[in-house]
1. If you take the residues of the range 241-267 that are among the hydroxyl-bearing types (Ser, Thr, Tyr) and without any contact (Cβ under 8 Å) to a residue 60 or more places away in the chain, which of them is nearest to Gly205 (Cα to Cα)?
2. Would you kindly identify the strands (runs of 3 or more DSSP E) lying entirely within the range 837-892 that contain at least 2 residues that are in the same structural domain as Arg790 (by TED's automatic domain parsing), at negative phi and in contact with a Pro (Cβ under 8 Å, 6 or more places away or on another chain)?
3. So if I check each of Arg809, Arg813, which one is closer than 19 Å to Ser888 by Cα, touching a strand residue (DSSP E or B) at 6+ places or on another chain (Cβ under 6 Å) and charged (D, E, K, R)?
4. What number of residues within the range 222-242 are assigned to a loop (DSSP other than H, G, I, E, B) and closer than 26 Å to Ala886 by Cα?
5. Would you confirm whether or not the range 231-242 contains a residue that is under 31 Å from the mean Cα position of the chain (by Cα) and either modelled with pLDDT under 90 or at positive phi (or both)?
6. Hey, any hits in the range 112-122 for a residue that's among the aliphatic types (A, V, I, L, M) and assigned to a helix (DSSP H, G or I)?
7. For the range 325-356, enumerate the residues that are under 29 Å from the mean Cα position of the chain (by Cα) and hydrophobic (A, V, I, L, M, F, W, C).
8. Within the range 279-301, which residues are surrounded by 22 or more Cβ atoms within 10 Å (Cβ to Cβ) and in a loop (DSSP other than H, G, I, E, B)?
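The values are calculated or read from the model by the stated rules, or taken from the named source; none is laboratory data. Worth saying up front: this structure is predicted, and the values here are computed from it rather than measured. Here the Cβ positions follow ideal geometry from the backbone for every residue, glycine too, while neighbour counts run over all protein chains shown.
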Amino acid sequence: MMRQNQWILRTICLFVCTIECHASVANKWPLDLVSNGYEELLIAIHPDVAENQTLIDDIKSTFTDASASLFRATNNRAFFRNITILVPEKWSNMPEYVPVTGETFDLAHVRIAGPNALYGDAPYVKQLTGCGEGGEFMHLTPNFLQSKVTSQQQWGPYGKVIVHEWGHLRWGLFDEYPKTSEGDKAFYSTGEGFRPSRCTEGIQGTSKNRNTGGICQINFFTFLPEDDCRFYPTTTGNTAKASLMYGQYIDSVEEFCSSTSLGVKHNARASNKQNRLCSSKSSWDVMLEHTDFKDESNPSIVDYSEYEEGESEPTDTTPTFKIVQSVTRKVVLLLDVSGSMSGERLEKMRQGAFNYLNTLPDGTSIGMAKFSSSATKLSSMRDITNQTVRDELTALVPDAVGGWTCIGCVLQMGYDILTENGGNPSGAEMLLLSDGEENRSPVIADLQPILVSNGVKVDVIAYSAAADLDMSALATATGGASYFYSGAASSTALNDAMSSAAQDSTQTDRIVVIASAAITIGAMETYNGTFTLDSSIGKDTSISLSYDTIVSLIVYSPDGQNFTLDSAEFQHYPAFKVFRVLFAQAGPGRWRYDITAGNAISKIQLNIHSSASSDLGAISAIPMISSSTATFSDNMTFSIYAEVTQGGFPVVNANVKGLIECPINDVVVKLQLKDNGAGADITMNDGVYSAFFMATDANSNGRYSIKVQVTNKEGTQVQVSGMAEGAASVGLEGNMDATYSNVSDLSRTASAGALTLNGFPYVGYVASDVIAPSRITDLAVVEVSDVASRATLQWTAVGDDLDQGTATRYEIRAAESFDDLFNMVNYTTMPDMLVVSGNLTTPKASGETEVVTILFPSVSASTFSFAVVAIDERNNTGDMSNIVTASSVYSTDDLGLGGSGTTSLTITTSLMLMVVGVWLVI
């Protein structure tokens, strides 16, 4: 089966500070819904989880419950048919385990690992992209799975908890409870009063001050309950069936909200992430647009009217389980020595291979081969156990070239090396470097089916724009990463790729790249440079300098000590033209170095690595791209992400840039990545920084090499306490009492791999401006005046093209009815004369905060719903924002919502100098 896998870097948890997968994004382990059953769901246990055979039974039980819950929640359209559980290599081998077929932890849809610092034992899904696009992985902890009574008291029945998370992971749904840390309001105005943000409105419960437990008061600036007022659903005794994305812990809830069914009617007005990011679409409507169910795919297979309540399910939804066991990491390095690799290319390839072999973690098993017109084995599989083995392997790196290019030959050789002496190739990796098109048989296409069917992942480094495009296709098909190095003197892409490919995705003590620089120094000149080490790193620090003509190097520590070629920390490898300076523990602060050239111009590649010295782990920068291939059009976009965290906690207010090396003319596009919850970014201050790369940034067909750079600025901090909310839980609010610590001397760089672009019209083509500003997703009412009948609105500015640049103007739309505005009928466009403060015609730069105060369009109405759109200079109009309602009245009467739950509220106003007790039936 063709496996198009996804490799994305992630930090798992406080105790297991690892990176989960490679940067280039393709797909995860293949997962299809076939005849109503999901096939090939992969659940993986992290290597650091202690052996516990009962954990496997707990996984089976949990997902058996989840399969039945999923079947009911999807109106009998989906369940889990078969599931694979991947256990760590270090666990004892059991008779029931079957051979691994390419499954790895970083491909798994569900990952069992230690508690995340931000989420604790709460189940959660890592989501980076927008509505309907699905998440990266589901995270569960052993403690969650094995403490059934405690877990179900906190988060609800296991089956429904998993289905809630499945909504995030598979269908790209978002939570329907308010996340006040992201700007949601616990209550919203209706014109008759206010309601709790819930889905559906039929959910019963009570409201109270979350801190005191007492009666809530009215905030007279917004005419809503005070900020600390919360609605607490009744967990038992409710009758509403929806929604699982709101409160799966509520006994009666077992379905998703729908825009059409009265019993599970979606509340489009509620202030929550689902409504903000999905334009108030219901969960079920978003699901029906997914390939699982679109165009009546996988229709219901059960008519429940044909059997009595209490009878067993007419369809058996019990999954079948298969258990496989991880294997030792095995890689084969495949190096091109064809005639086109002569001169500078050979030298740089040798230096890159040297750095790769000296970055691979101890314990890795590696083989090597070279190729031109045919392939030659350089080394059978060897375990890296010490520096002696590394030195012996580097001595085998080829130093001569000649011949044609037979990539299929070396893929076959790599496979043969993996299978020597009965070796199992499944789960192994290859790293292939080549600079040209293959011109001898066998070709890539001949070997690709063998590698795919045996679960061998191939990472590729395309050295030059002429490198065969089938290399990128091979990487995608096998779940590997694709990298591109143009050969330009200003590019660091080759060493960046080698550093990234060398990393073990499940390694606890992982290397971080502090700096990666390309430097050209004139004859007899000295280059003075600096780098910084923050307090989270310093262990096993390596300064690697590659040169083409001889240079000298001096390194200065922050305390003034200098290190030269005579120092014990220095190593020189003349055959590779490489200096290495190694420190078992390097101190934090600003380090300096001087590089002096000899009698000729020298081109330098500098790479600085380090590892965690903090118990919380190193601050890491994890780059990702939303696609590894794209077809050009004037409205083409893809997203670049960088997750900056320490021990699972987000680093906020960092300076994060994406650097995109274009295929021709050494053009480098620089993008500012932001963590403000706007544009490409969906969650503010979660440590994930995002930006769009657009058609106007492209300059030709070919490969674009992408990396991210992270530095600190004023206000950069790391969260050190406080919890974010995973699955909706009883009485827990996300991001409570978060505290932060300042971050200084931060420097990180990391390769996100390569994007391959096709369909570009011609070199010099300039894309037309057809891209509109982004949709505004955080519109909020911050103040309402009943005296002046006006409202103050706030939102984050978007750009001229999505999140880049500055829009030209805004348009505020208003209607007396939420439904009228939602359906775009009977609404008013606010004229400038009604703008009291702020300006709709001079928007701020993307990412800044807009605040505008407007008068109500009619003095006869006390309630209006508002939305905003951003427009650029060519009248490209962004989609309408989330809708908010401002009301200058409140009701002290029964709101008429029905049910047995009551809410007690005290309404206070300094203007009226009175307190009125109010009991609201909700």
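1. Restricting to residues being among the hydroxyl-bearing types (Ser, Thr, Tyr) and without any contact (Cβ under 8 Å) to a residue 60 or more places away in the chain, the top hit is Ser252.
2. In the range 837-892, 863-871 are the strands (runs of 3 or more DSSP E) which contain 2 or more residues that are in the same structural domain as Arg790 (by TED's automatic domain parsing), at negative phi and in contact with a Pro (Cβ under 8 Å, 6 or more places away or on another chain).
3. That would be Arg813, the only listed residue that is closer than 19 Å to Ser888 by Cα, touching a strand residue (DSSP E or B) at 6+ places or on another chain (Cβ under 6 Å) and charged (D, E, K, R).
4. Taking the range 222-242 and keeping what is assigned to a loop (DSSP other than H, G, I, E, B), we get 222-223, 226-228, 234-241.
From what's left, closer than 26 Å to Ala886 by Cα: 222-223, 226-228.
Residues meeting the conditions: 5.
5. Within the range 231-242, none of the residues are under 31 Å from the mean Cα position of the chain (by Cα) and either modelled with pLDDT under 90 or at positive phi (or both).
6. Here is the first cut: in the range 112-122, the residues among the aliphatic types (A, V, I, L, M) are 112-113, 117-118, 122.
With the extra rule that they be assigned to a helix (DSSP H, G or I), the set shrinks to none.
Looking through the range 112-122, none of the residues is among the aliphatic types (A, V, I, L, M) and assigned to a helix (DSSP H, G or I).
7. Within the range 325-356, the first condition is being under 29 Å from the mean Cα position of the chain (by Cα), and the residues that meet it are 325-333, 352, 355-356.
Hits for the range 325-356 are Val327, Val331, Val332, Leu333.
8. Result: Ser282, single match.
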